[in-house]
Amino acid sequence: MAGNIPQPFIDDLLHRVDIVELIQGRVPLKKAGHEYQACCPFHTEKTPSFTVSPKKQFYHCFGCGAHGSAIGFLMAYDRLSFPEAIEELAAQQGLDIPREAQFAAGPDRQPLYDLLEQVAAHYAQQLRTHAAAPRAVEYLQQRGLTGTIAARYQLGFAPPGWDHLIREFGSENKNLLHEAGLINQTDGKTYDRLRDRIVFPIRDGRGRVIGFGGRLIGEGKPKYLNSPETPVFHKGQQVYGLYEVRQTHRQPEHLVVVEGYLDVIALAQYGIDHAVATLGTATTSQHLQKLYRTSPKITFCFDGDRAGREAAWKALQTTLPLMQSGRQARFLFLPDGEDPDSLVRGTGAAGWEAQLAQAQPLSTYLFNHLEADLDLNSLDDLAQLAERARPLLSQLPTGTYRNMLQQALEQRVGIKTQLATPTPEHTQRPVRRRRRANTRTMPPMRRAVALTLQYPQAAQQTLPEGWEQLQAAGIDTLRQLINQASTNPEMTSAQLVEQTEDPTLRDYLAQLAVIELAVEDDAAEQLQGILRQMLTTERRQAHADLLQIPPGQMTADQKAALRTLYGQ
């Protein structure tokens with residue numbers, strides 16, 4: 001399961017991650033005793049059956065059977081591969097995955113990351129030393145940027161010329177430069193992609209450079225140019241400035257989505273360090289999922305012109321299916337001729353905050369847009385409003401927010417409206433009935449495994465002598481679990497499950513990790529009692545089997561075993 005990622009690293013990662021906090025950022029949870037509950041995000045239901053256990057660091061749905069650790073949740077909910085889930089959790093914790101750990105699922109990308117980091121450092125040096133760089137420096141100064149903020153975002157300069165990178169990094173790196181999207185190859189000719197441009201390194205959640213944006217100095221087109229799609233850079237998924245935001249705010253209360261690199265940097269220079277930008281593309285669902293994993297409140301900032309309003313409407317439509325309870329979306333339209341960069345330079349941080357306070361909630365912007373060309377005193381126009389709004393509101397997830405917007409529409413049009421059932425964002429799973437474990441009929445080995453999984457500390461107590469020699473089916477699994485639990489006093493159920501490499505066995509253990517057991521404070525005593533019971537049962541059976549052998553046919557070993565059973 002884990003490929004070449006060291007198991008101790010996975011264990012440490014699971015120990016650091018709070019699964020309640022992780023899931024709460026995606027699914028609104030409510031406290032229910034010692035656990036948390038919600039309607040399951042993996043199938044449609046009205047009564048909550050999705051449970052998250054902070055003690056076990058595990059989630060389970062008693063409706064559809066979905067279950068797992070923090071890693072499993074990211075794989076199921078965010079549709080990540082195992083390596084991607086590890087990367088996401090490691091980035092959240094500020095950890096680097098050990099360099100020697102290479103994912104079994106694909107090629108080693110570390111040389112690509114190393115090269116991109118080297119190129120970013122080289123571009124930054126060129127901004128300070130290249131003969132053509134003063135024009136770039138002058139432009140940045142005219143935009144009000146200081147050397148300090150330029151260094152924070154590692155701004156650089158791509159010199160003019162066609163083969164600067166080849167000359168600097170050598171022809172032996174030609175293929176790697178091409179794979180990184182830094183050079184183009186056409187008709188047998190090779191040339192730098194970024195030339196005579198201010199360079200903005202783009203970082204992923206772990207702070208690794210994955211691509212670049214370039215702003216042309218002087219006249220020409222395109223004014224801005226981004227890295228192409230590469231094995232490590234996907235424009236529709238990456239957000240500029242998010243890594244830098246996380247360096248200042250581990251869990252920012254608010255994110256502002258602006259349009260350009262310089263908008264992000266100019267705002268940061270004025271102390272407004274929670275702005276990010278998409279990379280020259282419309283806001284995608286992947287962008288929003290990444291942003292909402294970071295903060296529950298997002299404000300989209302657009303120019304007030306036609307293009308800005310069209311972009312805002314597209315962003316709203318993308319946002320609707322993601323508006324779970326607890327999330328907010330607001331829309332800010334700037335005065336004509338202003339962008340965040342010019343506005344903050346002209347009015348300072350106070351002026352920017354004043355503008356931000358005028359942002360429209362999603363509900364306000366939605367109805368204002370739909371009603372813009374309608375006469376709400378006309379029955380025909382009211383009917384048209386209902387027809388326009390229904391398909392949009394139907395995209396909202398079930399919950400309070402959807403109900404409130406449906407009620408707002410009904411108040412406007414004066415009649416009840418029926419919304420379509422929202423299409424679940426995640427794959428439906430078959431619904432199962434919640435079953436309580438019958439502790440009277442549960443086989444002893446199965447119960448011993450379940451106790452060890454749910455109460456790892458029980459395995460750290462003194463266990464009956466000789467239990468390791470039990471021969472019952474499943475003893476190898478129990479022995480492994482007890483050994484793992486006894487080596488770490490803070491072991492959780494999630495860690496024990498994730499250490500199991502066989503996927504079939506791992507799924508079986510995940511079910512036992514959430515099955516209901518009648519345990520007070522006596523888990524250790526119960527485990528000891530079960531092991532003693534199994535030892536007694538095996539000894540009685542061995543005694544009975546030996547007595548069936550005629551005395552004259554007994555081997556020396558069998559006679560010795562019989563004497564041992566009689567205590568001789």
* **So Ser325, is it under 21 Å from Ala389 (Cβ atoms) and among the hydroxyl-bearing types (Ser, Thr, Tyr)** => yes
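For every residue, the table says whether it meets (1) of a type in the set (Gly, Ala, Ser); (2) free of Cβ contacts under 8 Å to residues at least 24 places away in the same chain; (3) not in a helix (DSSP H, G or I).
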site: Leu453; (1), (2), (3): no, no, no
site: Ala472; (1), (2), (3): yes, no, yes
site: Leu478; (1), (2), (3): no, no, no
site: Asn483; (1), (2), (3): no, yes, no
site: Asp507; (1), (2), (3): no, yes, no
site: Leu527; (1), (2), (3): no, no, no
site: Gln541; (1), (2), (3): no, yes, no
* **Flag for Asp341 being in contact (Cβ under 8 Å) with a residue 12 or more places away in the chain and either surrounded by fewer than 22 Cβ atoms within 10 Å (Cβ to Cβ) or assigned by TED's automatic domain parsing to the domain that holds Leu29 (or both)** => no
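When residues of the stretch 188-224 are filtered for being of a type in the set (A, V, I, L, M), assigned to a strand (DSSP E or B) and under 20 Å from Arg135 (Cβ atoms), how many remain? Break it down into steps so the answer makes sense when it comes.
Taking the stretch 188-224 as the starting set, the residues that turn out to be of a type in the set (A, V, I, L, M) are 194, 198-199, 202, 209-210, 216-217.
From what is left, the residues that are assigned to a strand (DSSP E or B) are 198-199, 202, 209-210, 216.
If we keep only those that are under 20 Å from Arg135 (Cβ atoms) as well, we get 198-199, 216.
Qualifying residue count, the stretch 188-224: 3.
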* To do: Give the residues of the stretch 108-123 that are over 20 Å from Ala277 (Cβ atoms), in a helix (DSSP H, G or I) and not aromatic (Phe, Trp, Tyr), sorted by residue number.
  => Gln110, Pro111, Leu112, Asp114, Leu115, Glu117, Gln118, Val119, Ala121, His122
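Within the stretch 156-181, which residues are among the aliphatic types (A, V, I, L, M) and either closer than 17 Å to Ala121 by Cβ or free of Cβ contacts under 8 Å to residues at least 12 places away in the same chain (or both)? Show your work before the answer.
Restricting attention to the stretch 156-181, the residues satisfying the condition of being among the aliphatic types (A, V, I, L, M) are 158, 165-166, 176-177, 180.
The answer is Ala158, Leu165, Leu176, Leu177, Ala180.
When the residues of the stretch 278-318 are filtered to those that are in a helix (DSSP H, G or I) and among the charged types (D, E, K, R), which remaining residue is farthest from Pro340 (Cα to Cα)? Don't jump to the end; show me each part of the working.
Of all residues in the stretch 278-318, those in a helix (DSSP H, G or I) come to 285-294, 306-318.
In the following step, the residues that additionally are among the charged types (D, E, K, R) were identified as 290, 293, 306, 309-310, 314.
On the way: Lys290: 22, Arg293: 24, Arg306: 17, Arg309: 16, Glu310: 18, Lys314: 20 Å.
In this case the residue turns out to be Arg293.
I need the full set of residues from the stretch 161-187 which are crowded, with 16+ Cβ neighbours inside 10 Å and part of a loop (DSSP other than H, G, I, E, B), in order please. Walk me through it before giving the result.
Applying the first criterion (crowded, with 16+ Cβ neighbours inside 10 Å) to the stretch 161-187 yields 164-166, 169, 173, 176-177, 179-183.
Matches in the stretch 161-187: Ala180, Gly181, Leu182.
Looking only at the stretch 456-485, which residues are hydroxyl-bearing (Ser, Thr, Tyr) and modelled with pLDDT under 85? Walk me through how you get there before you give the answer.
First, pick out the residues of the stretch 456-485 that are hydroxyl-bearing (Ser, Thr, Tyr): 462, 477.
The answer is Thr462, and nothing else.
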* Structure fact -> Flagged in the stretch 320-341 as assigned to a loop (DSSP other than H, G, I, E, B) and within 27 Å of Glu21 (Cα to Cα), in numbering order, are Met323, Gln324, Ser325, Gly326, Arg327
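Which one is farthest from Glu45 (Cα to Cα) among residues in the stretch 395-408 that are surrounded by fewer than 17 Cβ atoms within 10 Å (Cβ to Cβ) and in contact with a helix residue (DSSP H, G or I) (Cβ under 9 Å, 6 or more places away or on another chain)?
To start, the set of residues in the stretch 395-408 that are surrounded by fewer than 17 Cβ atoms within 10 Å (Cβ to Cβ) comprises 399-400, 403-404, 407-408.
Now restrict to residues that are in contact with a helix residue (DSSP H, G or I) (Cβ under 9 Å, 6 or more places away or on another chain): 404, 408.
Numbers: Met404: 19, Ala408: 24 Å.
If we take residues in the stretch 395-408 being surrounded by fewer than 17 Cβ atoms within 10 Å (Cβ to Cβ) and in contact with a helix residue (DSSP H, G or I) (Cβ under 9 Å, 6 or more places away or on another chain), then Ala408 is farthest from Glu45 (Cα to Cα).
The values are calculated or read from the model by the stated rules, or taken from the named source; none is laboratory data. Keep in mind it's a predicted model, so treat the numbers as computed, not measured. All Cβ positions, glycine included, derive from the backbone under ideal geometry; neighbour counts span all protein chains shown.
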